[in-house]
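See below for the structure under consideration.
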Amino acid sequence: MTSPSPPRERQQRWAYLGGAALALAGTLLYSEKRSECEPVYRKADLQRHKTLEDGVWVAFKDGVYDITDFVKKHPGGSDKLMLGAGSNIETFWAFYPFHMKEHVLKLLESYRIGSLHPDDRVREEDVPKFDSNAQNLHSKNLKVLQNFPFIAETQSKTLVSSFVTPNSEFFIRAHQATPTVSNPSKYKVKLFNCMESAKNASSGQDEEEEPVLKLTIDDLKSKFTPHRVMTAMSCAGNRRLGMKEHSADVQGNMWYVGAIGNAQYTGVLLVDLLRGMGLKPEELQGKHLIAESLDVDVQGKPFKVSIPMEMVVDPLNEVLLAYEMNGVEIPKEHGYPLRLVVPGTVGVRNAKWVKRLYVSDDEANSIY
């Protein structure tokens with residue numbers, strides 16, 4: 001039988017338990033009453049704040065946030081951010097899931113100004129679930145980093161087992177949903193000469209411009225000499241996971257070593273297409289090639305990148321508009337039916353699903 005604790009020891013124990021209970025109660029009370037202690041806003045209040053002049057407010061889950069000061073600092077530019085101005089942003093973040101990170105949520109919380117009325121909150125079941133239609137096209141060996149937009153890397157053992165990376169094992173980096181070409185025989189790539197009207201090329205407003213060439217896949221194969229190039233392609237973020245170990249500020253998809261692959265591509269040299277447009281390489285110094293793709297973001301804006309024309313016309317670079325990858329049609333998730341292949345250049349410049357090519361005085365103005 002144990003002897004009772006001395007009076008002083010019992011007092012200390014009860015004091016400790018009492019303090020812990022008070023601390024826990026205080027925490028619970030704060031979390032339960034935060035919404036009672038701060039202003040409560042309705043959907044109509046949000047809709048009155050969707051310009052820089054009136055202030056930019058957004059709602060996320062139960063909170064309302066005034067992000068006016070942050071809009072101009074947004075790394076993706078203000079256009080996409082303003083799309084969600086004056087509304088709930090759950091849907092936008094479902095489309096761009098990389099926002100759902102601890103540091104982003106913490107930053108958002110610093111702009112909190114109140115609570116959103118329960119009747120105006122987005123229900124979990126109403127948030128769209130995006131699934132990449134590329135998921136069933138690749139090997140199960142790929143390490144999936146993100147389901148939408150779909151991102152997956154090659155296993156390191158695969159990279160060293162073969163000089164050529166098999167198509168099914170090649171890393172995938174999508175920026176939007178994977179587009180589908182329903183009638184490949186009628187698919188045409190359009191080529192524009194916008195050197196005198198670069199604003200059309202940079203804004204995508206090509207309706208007033210007549211393409212110099214319209215080419216089907218059969219046209220590319222029959223009217224131009226096929227060219228093959230073996231090249232390694234890599235995402236700029238490859239090995240980012242290792243960088244993260246040395247700096248907490250590193251952001252983005254945490255690739256290990258598999259955001260790289262080696263493949264042989266077959267297609268038409270871009271310099272041959274330029275000649276087909278009636279352009280001479282020596283006339284193109286200081287110009288740019290803009291590639292526009294089929295995939296679009298939530299605003300309906302297409303993926304678009306550019307490369308300096310000096311890179312295109314240099315015969316040592318072998319820049320291609322490719323229709324084959326490792327001897328077969330380019331797989332859907334890798335750009336079917338046409339992909340720009342720019343050897344020795346970061347992966348994002350190798351635009352997939354190419355539908356338009358512009359010769360321009362200026363670079364593309366997209367966020368890519």
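The values are calculated or read from the model by the stated rules, or taken from the named source; none is laboratory data. Model, not experiment: these values are computed from the prediction. Cβ placement follows ideal geometry from the backbone for every residue including glycine, while neighbour counts extend to all protein chains displayed.
Looking only at region 324-336, decide whether some residue is of a type outside the set (A, V, I, L, M, F, W, C), out of contact with any helix residue (DSSP H, G or I) (no Cβ under 9 Å at 6 or more places or on another chain), more than 12 Å from SER293 (Cα to Cα) and in a strand (DSSP E or B). Checked against the condition, which is being of a type outside the set (A, V, I, L, M, F, W, C), out of contact with any helix residue (DSSP H, G or I) (no Cβ under 9 Å at 6 or more places or on another chain), more than 12 Å from SER293 (Cα to Cα) and in a strand (DSSP E or B), region 324-336 yields at least one hit.
Each row is one residue, and each column tells you yes or no for (1) more than 23 Å from VAL144 (Cβ to Cβ); (2) surrounded by 14 or more Cβ atoms within 10 Å (Cβ to Cβ); (3) within 21 Å of the chain's Cα centre (by Cα); (4) among the aliphatic types (A, V, I, L, M).
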{"residue": "ALA232", "(1), (2), (3), (4)": "no, no, no, yes"}
{"residue": "ASN238", "(1), (2), (3), (4)": "no, yes, yes, no"}
{"residue": "PRO281", "(1), (2), (3), (4)": "yes, yes, no, no"}
{"residue": "PHE303", "(1), (2), (3), (4)": "no, yes, yes, no"}
{"residue": "GLU310", "(1), (2), (3), (4)": "yes, yes, no, no"}
{"residue": "HIS334", "(1), (2), (3), (4)": "no, yes, yes, no"}
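Condition check ((1) of a type outside the set (D, E, K, R); (2) in contact with a strand residue (DSSP E or B) (Cβ under 6 Å, 6 or more places away or on another chain); (3) at pLDDT 95 or above; (4) within 28 Å of VAL298 (Cα to Cα)) across all residues:
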residue	(1), (2), (3), (4)
ASN147	yes, no, no, yes
SER161	yes, no, no, no
PRO179	yes, yes, no, yes
CYS194	yes, yes, no, yes
GLY204	yes, no, no, yes
SER222	yes, no, yes, no
THR225	yes, no, yes, no
ARG228	no, yes, yes, no
ASN238	yes, yes, yes, yes
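Scanning region 35-58 for residues that are in a strand (DSSP E or B), out of contact with any helix residue (DSSP H, G or I) (no Cβ under 6 Å at 6 or more places or on another chain) and either at pLDDT 90 or above or not charged (D, E, K, R) (or both) yields a total of 4.
Here region 139-181 is the region considered, the condition is being among the aromatic types (Phe, Trp, Tyr) and either crowded, with 17+ Cβ neighbours inside 10 Å or touching a Lys or Arg at 6+ places or on another chain (Cβ under 7 Å) (or both), and the residue that is nearest to MET325 (Cα to Cα) is PHE170. Taking the criterion of being surrounded by fewer than 16 Cβ atoms within 10 Å (Cβ to Cβ), part of a loop (DSSP other than H, G, I, E, B) and at pLDDT 75 or above, the only residue of region 74-102 that qualifies is LYS101. Residue count for region 280-297 satisfying the condition of being closer than 23 Å to TYR323 by Cα and modelled with pLDDT of 95 or more: 6. GLY261 meets the stated requirement of being within 30 Å of VAL160 (Cβ to Cβ) and not hydrophobic (A, V, I, L, M, F, W, C). Across region 337-367, the number of residues qualifying as under 27 Å from SER139 (Cβ atoms) and either free of Cβ contacts under 8 Å to residues at least 12 places away in the same chain or not in a strand (DSSP E or B) (or both) comes to 14. Evaluated against (1) touching a Leu at 6+ places or on another chain (Cβ under 6 Å); (2) over 24 Å from LYS214 (Cβ atoms), MET311 falls short on exactly one condition, (1). Being assigned by TED's automatic domain parsing to the domain that holds TYR336, of a type in the set (Gly, Ala, Ser) and more than 22 Å from ASP362 (Cβ to Cβ) holds for only one residue in GLY278, GLY286, GLY242, and it is GLY242.
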